[in-house]
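A.B. asks: Here it is: the structure, laid out below.
The values are calculated or read from the model by the stated rules, or taken from the named source; none is laboratory data. In this text, all values refer to a predicted model and were calculated from it rather than measured experimentally. Quick reminder, even Gly has a Cβ in these numbers, built from the backbone with ideal geometry, and neighbours come from all protein chains shown.
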Amino acid sequence: MAYETILYEKKGKIAYITLNRPQILNALNDAMNRELLEAFAEFDTDEQAWVAILSGKGRCFCSGADVRQRQLRPPEELARLGGPVGVSPADGALGLGRTVNWKPVIAAIHGYAIGAGFSMAMESDLIVAAENTQFQITEVGRGLGAPQHWAKAWFWGGGKFATQVALTSQFFSAEEAYRLGMVNRVVPADQHIAEAERLAEQIMANPPLSVRCNVRVSRYQVRRMCEEAEMYGRALKLHLTEDFRESARAFVEKRKAVYKGR
């Protein structure tokens, strides 16, 4: 299948899925989200593909959501979709919450993993990060709560730190994430793909059905947390607030937002 916003390639038993909007730092828009779901479905049903490596082309993994396309939707469209995303966050941008074969996915990240990029990395089963990669949960600064981002960060070892980064929108490094257990390996710049391949080879040395059993149970547990967090967050309808609109406008207009708490 041909894709416009991502690249899909298979070498041996490894499927390589690469975000391919480098000109805007791989910002996630509806088209990329749709193609990621299709690509991971293709990987999931390919009997010859055992492990997927997700990465980003260019200067970073993913700079977050495409604010112009997603967060500046007309209010009536936001209301109809139930938020800027329009797909179930419990299933995630990669659709790994509901798969058929439960194959492992390794995120090989570099540069920045911000907002939606952070979420995609956390959604993956394992993470290999290049040194000095920076993470950020941006949603609170955009007038959104991102409870599912907090749930993923907390589940994978963030503890109170997960609450801190969810409330402050502060950047934190791959090295900090590694110490907390949120990242599996930190490697020198430009080595994240090669290290992800080595990790994939270690995984593929084991019986694939046994591996998939463990993938399934780990995804199930974090998905339960994400579903509950998102159910609470969506009920608040923060995507319809004035502060949300102001944040999106300020971002594209390159100015400081003025919030009013409504």
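A.B. asks: When you go through (1) crowded, with 19+ Cβ neighbours inside 10 Å; (2) under 24 Å from Lys103 (Cβ atoms); (3) in contact with a Leu (Cβ under 7 Å, 6 or more places away or on another chain) one by one for Gly157, which number turns out not to apply?
C.D. replies: Checking Gly157 against (1) crowded, with 19+ Cβ neighbours inside 10 Å; (2) under 24 Å from Lys103 (Cβ atoms); (3) in contact with a Leu (Cβ under 7 Å, 6 or more places away or on another chain), the one that fails is (1).
A.B. asks: Another question about this same structure. Being surrounded by 15 or more Cβ atoms within 10 Å (Cβ to Cβ), in contact with a Gly (Cβ under 6 Å, 6 or more places away or on another chain) and not charged (D, E, K, R) is the requirement here; does Phe61 meet it?
C.D. replies: So Phe61 fits the description; yes.
A.B. asks: In addition: Kindly provide the set of residues from region 194-215 that are surrounded by 13 or more Cβ atoms within 10 Å (Cβ to Cβ), in contact (Cβ under 8 Å) with a residue 12 or more places away in the chain and within 17 Å of Trp50 (Cβ to Cβ), ordered by number.
C.D. replies: Result: Ala196, Glu197, Leu199, Ala200, Ile203, Met204, Pro208, Val211, Arg212, Val215.
A.B. asks: Within region 1-16, take every residue that is of a type outside the set (Asp, Glu) and in a loop (DSSP other than H, G, I, E, B) and give me the one that is nearest to Asp46 (Cα to Cα).
C.D. replies: Restricting to residues being of a type outside the set (Asp, Glu) and in a loop (DSSP other than H, G, I, E, B), the top hit is Lys13.
A.B. asks: Which number in (1) assigned to a helix (DSSP H, G or I); (2) within 24 Å of Ser173 (Cα to Cα); (3) of a type in the set (Gly, Ala, Ser) marks the one condition that Ala31 misses?
C.D. replies: (2)
A.B. asks: Of these, Val51, Val100, Val105, which one is over 13 Å from the mean Cα position of the chain (by Cα), surrounded by 22 or more Cβ atoms within 10 Å (Cβ to Cβ) and not basic (Lys, Arg)?
C.D. replies: That would be Val51, the only listed residue that is over 13 Å from the mean Cα position of the chain (by Cα), surrounded by 22 or more Cβ atoms within 10 Å (Cβ to Cβ) and not basic (Lys, Arg).
A.B. asks: Given the options Glu4, Glu47, name the one that is without any contact (Cβ under 8 Å) to a residue 24 or more places away in the chain and not hydroxyl-bearing (Ser, Thr, Tyr).
C.D. replies: Glu47
A.B. asks: Continuing with the same structure: Take the conditions more than 30 Å from Lys57 (Cα to Cα), in contact with a helix residue (DSSP H, G or I) (Cβ under 7 Å, 6 or more places away or on another chain), of a type outside the set (Val, Ile, Thr) and outside any helix (DSSP H, G or I) and apply them to Lys256. Does it pass?
C.D. replies: no
A.B. asks: Could you grab the pairs with beta carbons closer than 7 Å, sequence gap of 6+ or different chains, first residue in region 154-173 and touching a residue at least 40 places away in the same chain (Cβ under 8 Å), second one in a helix (DSSP H, G or I)?
C.D. replies: Filtered contacts from region 154-173: Trp154/Ala162; Phe155/Val222; Phe155/Met225; Trp156/Met122.
A.B. asks: I would also like to ask the following. Condition check: closer than 13 Å to Ile109 by Cα and free of Cβ contacts under 8 Å to residues at least 60 places away in the same chain. Does Gln134 satisfy that?
C.D. replies: Considered against the rule, which asks whether it is closer than 13 Å to Ile109 by Cα and free of Cβ contacts under 8 Å to residues at least 60 places away in the same chain, Gln134 comes out as yes.
A.B. asks: Read through the list (1) within 19 Å of Gly181 (Cβ to Cβ); (2) surrounded by fewer than 24 Cβ atoms within 10 Å (Cβ to Cβ); (3) at pLDDT below 95, then give the number of the only condition that Gly141 fails.
C.D. replies: Checking Gly141 against (1) within 19 Å of Gly181 (Cβ to Cβ); (2) surrounded by fewer than 24 Cβ atoms within 10 Å (Cβ to Cβ); (3) at pLDDT below 95, the one that fails is (1).
A.B. asks: Please name all residue pairs, on different chains or six or more residues apart, with Cβ atoms under 7 Å, provided the first residue is in region 22-39 and is touching a residue at least 12 places away in the same chain (Cβ under 8 Å) and the second residue is of a type in the set (S, T, N, Q).
C.D. replies: So the pair list comes out as Leu25/Ser63; Asn26/Ser63; Ala27/Ser63; Asn29/Gln69; Asp30/Gln69; Ala31/Thr5; Met32/Thr5; Glu35/Thr5.
Okay, residues lined up against (1) surrounded by 17 or more Cβ atoms within 10 Å (Cβ to Cβ); (2) at positive phi; (3) touching a Phe, Trp or Tyr at 6+ places or on another chain (Cβ under 6 Å):
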{"residue": "Tyr8", "(1), (2), (3)": "yes, no, no"}
{"residue": "Lys11", "(1), (2), (3)": "no, no, no"}
{"residue": "Tyr16", "(1), (2), (3)": "yes, no, no"}
{"residue": "Ala31", "(1), (2), (3)": "no, no, no"}
{"residue": "Glu35", "(1), (2), (3)": "yes, no, yes"}
{"residue": "Glu38", "(1), (2), (3)": "no, no, no"}
{"residue": "Glu77", "(1), (2), (3)": "no, no, no"}
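A.B. asks: Determine whether region 173-193 contains at least one residue that is aromatic (Phe, Trp, Tyr), farther than 17 Å from Gly115 by Cβ and at pLDDT 90 or above.
C.D. replies: Scanning region 173-193, I find at least one residue that is aromatic (Phe, Trp, Tyr), farther than 17 Å from Gly115 by Cβ and at pLDDT 90 or above, so the answer is yes.
A.B. asks: For region 89-112, does any single residue satisfy the condition of being at pLDDT below 95 and over 16 Å from Arg223 (Cβ atoms)?
C.D. replies: Checked against the condition, which is being at pLDDT below 95 and over 16 Å from Arg223 (Cβ atoms), region 89-112 yields no hits at all.
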